[in-house]
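A quick write-up on the structure given underneath.
The values are calculated or read from the model by the stated rules, or taken from the named source; none is laboratory data. All values reported here derive from a predicted model rather than from experimental measurement. Here the Cβ positions follow ideal geometry from the backbone for every residue, glycine too, while neighbour counts run over all protein chains shown. We work out accessible area using only protein heavy atoms, side chains counted, and drop any ligands, DNA or RNA first. Shrake-Rupley method; radii C 1.70, N 1.55, O 1.52, S 1.80 Å.
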Amino acid sequence: MAAAVGMGQQWVLVEMVQAFYEAPAYHLILEGILILWIIRLLFSKTYKLQERSDLTPKEKEELIEEWQPEALVPPVSKDHPALNYSIVSGPPSHKIIVNGKECINFASFNFLGLLDNERVKNAAQASLRKYGVGTCGPRGFYGTFDVHLELEDRLAKFMRTEESIIYSYGFATIASAIPAYSKRGDIVFVDEAACFAIQKGLQASRSNIKLFKHNDTADLEQLLKEQEIEDQKNPRKACVTRRFILVEGLYMNTGDICPLPELIKLKYKYKVRIFLEESLSFGVLGEHGRGVTEHFGINVDDIDLISANMENSLASIGGFCCGRSFVIDHQRLSGQGYCFSASLPPLLAAAAIEALNIMEENPDIFQILREKCKRIHKALQRIPGLIVVGDLFSPALHLQLEEPSGSRENDMKLLKRIVDYCMNRSIALTPARYLEKEEKCLPPPR
């Protein structure tokens, strides 16, 4: 047995030697080069010691004095608008005191005039005496008060949805809701005029963002068709990729109403979900102020998620989302602004509840608001050199230069002079301000 094994090994060696002699010359040369290269790598140093000369203490001090650290933030001019804000004293109701001067208020989002309403103030004062000022804890850590649950119940009933959830900060509402559902690899089709809160939510989600032209359903459908073709190439990936359409009911940056009926058709045709941001349309559109769904007569169940802040029509602070129970409950586990922020101060929740009471008891206030919006829209159209941007029913209107100079800085200065001119005549306006370097689609100066 041992003899047989020994003969087998000798035969293998003979075959190897024979193959060596029969191999082409270039093959042997190449193998030799590779072997030498491997040997060199094994025995060579992986780094080289750089020659250095020791510095004297004086030379070290000179180098330290010459070194200049990089600026923590870019330099900002002292006359930047964000550093020169106007100071308000007193409630911003129909009239507002700005820098000590009383003006007619055209510069706040107190659309229904509830901010200075006696009933709202009395409800807030009663809550202040009962609960104190704040909560000092998020909802999951003894930050849930009975008044929070009451407000969530009232909002759900008002919007005719199964459930609602409230946040303590309006901006954080939609910015937290988006990444709670849309994750890396998911696809969001979003209007290019979307507000900054939506943009921050999309950034946090790390999803694939596809922008479509403002209120252009044809452009949106083209993107949906292209995505449908891509999905057919990789059906396995398509099965686990979620798709969303994200729009505003009434756009903050343009004052335009979204074409919701056409969007609903696209939702069912291409099997996508719709998220609707209604911060500007809630308490404004619809016979009872329920927003763009009521305005168009759309069944609220056709919308997967509705969000809005309570800082405009309700004259409070914070925001809310509403929809089906299983959708809303997910935010209680994944909504960052809900889980990690102190809950809404009870006095502000009580004020929002009383504002809802007034809205339900007096639905005529919405018709009055719409009539005011139409009158203002018509009056502003007669101003030479300026054009009005926004729908007739929008309480937020933008004035834009009819003939821009081509320089954003010069246009902003001209609009600022117009604002100052009005302020000198006791009319409070405000220029629109944007984080120019962070906006996805920067609007023109307004």
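For the chain, the percent of C-alpha pairs falling in each 10 Å distance bin, counted from 0 to the bin holding the largest distance, reads 4, 16, 23, 20, 11, 6, 6, 6, 4, 3, 1, 0. Put simply, the C-alpha atoms of segment 255-403 give a gyration tensor, and the ellipsoid matching it has half-axes of 29, 21, 16 Å, longest first. Rounded to the nearest 0.05, the FRET efficiency derived from the C-beta distance between A238 and R206 at R0 = 25 Å is 0.85. With 0.36 nm allotted per residue and the present C-alpha distance subtracted, the I29-E59 stretch has 5.3 nm of extension available. Against the chain, whose longest principal axis comes from its Cα atoms, helix 364-380 is set at around 80 degrees. Measuring against 19 Å, Cα to Cα, the residue pairs K78/K413; K183/K210; K200/K440; K213/K267; K183/K225 contain K183/K225 as the ones spanning a longer distance. Within the chain, antiparallel bridges make up roughly 50 percent of the DSSP beta bridges whose residues both belong there. Relative contact order for the chain: 19 percent, from Cα pairs under 8 Å spaced at least 6 residues apart, divided by residue count. Helix 260-270 and the long axis of the chain differ in direction by around 30°, with both axes built from C-alpha atoms. Converting phi to 3J(HN,Hα) with the Karplus coefficients 6.51, -1.76 and 1.60 and the offset θ = phi - 60°, segment 430-439 yields 8, x, 6, 10, 9, 7, 4, 7, 10, 5 Hz in sequence order, with x at every glycine or proline. The modelled label-to-label distance for the pair M412/Q367, using points 7 Å beyond Cα in the direction of Cβ, is 4.4 nm. Measuring r between the beta carbons of L128 and D301 and using R0 = 30 Å, the FRET efficiency lands at 0.20.
With an 8 Å cut-off on Cα pairs and a minimum separation of 6 or more residues, tell me the relative contact order of segment 61-106 in percent. Reported as a whole number, the value is 20 percent. Taking 0.36 nm per residue of separation and subtracting the Cα-Cα distance, full extension of the segment from E102 to F340 would add 81.7 nm. Solvent-free Debye calculation, one equal scatterer per alpha-carbon of segment 70-186: log10 I(q)/I(0) at 0.10 Å⁻¹ equals -0.57. Relative contact order, whole percent, for segment 247-370 stands at 21, derived from Cα pairs under 8 Å and 6 or more residues apart. Surface composition of the chain: carbon and sulfur make up 58 percent of the accessible area, probe 1.4 Å. Taking trypsin sites (Lys or Arg not before Pro) across segment 68-102, the ones in a DSSP loop with at most 16 further Cβ atoms lying within 10 angstrom of their Cβ are K78. Segment 210-252 and segment 343-415 have Cα centres separated by 30 Å.
The residue list G390, A123, Q222 was ranked by how far each Cα lies along the charge dipole of the chain toward its positive end, using unit charges on Cβ atoms, and A123 comes out on top.
Want the number for E162 to E228: 0.36 nm per residue separation, take away the alpha-carbon distance, what's left?
On the way: separation 66, 0.36 × 66 = 23.76 nm, distance 3.19 nm.
Stretched fully, the E162-E228 segment lengthens by 20.6 nm.
Between the Cα long axis of helix 325-334 and the first principal axis of the chain there is an angle of about 60°, rounded to the nearest 10.
Peptide packing: for 120-127, 390-397, the average count of neighbouring Cβ atoms within 10 Å per residue gives the ranking 390-397, 120-127, highest mean first. The listed peptides 405-416, 169-180, 64-75, 136-147, ordered by packing as a protection proxy, come out as 169-180, 136-147, 405-416, 64-75 (highest mean of other Cβ atoms within 10 Å first).
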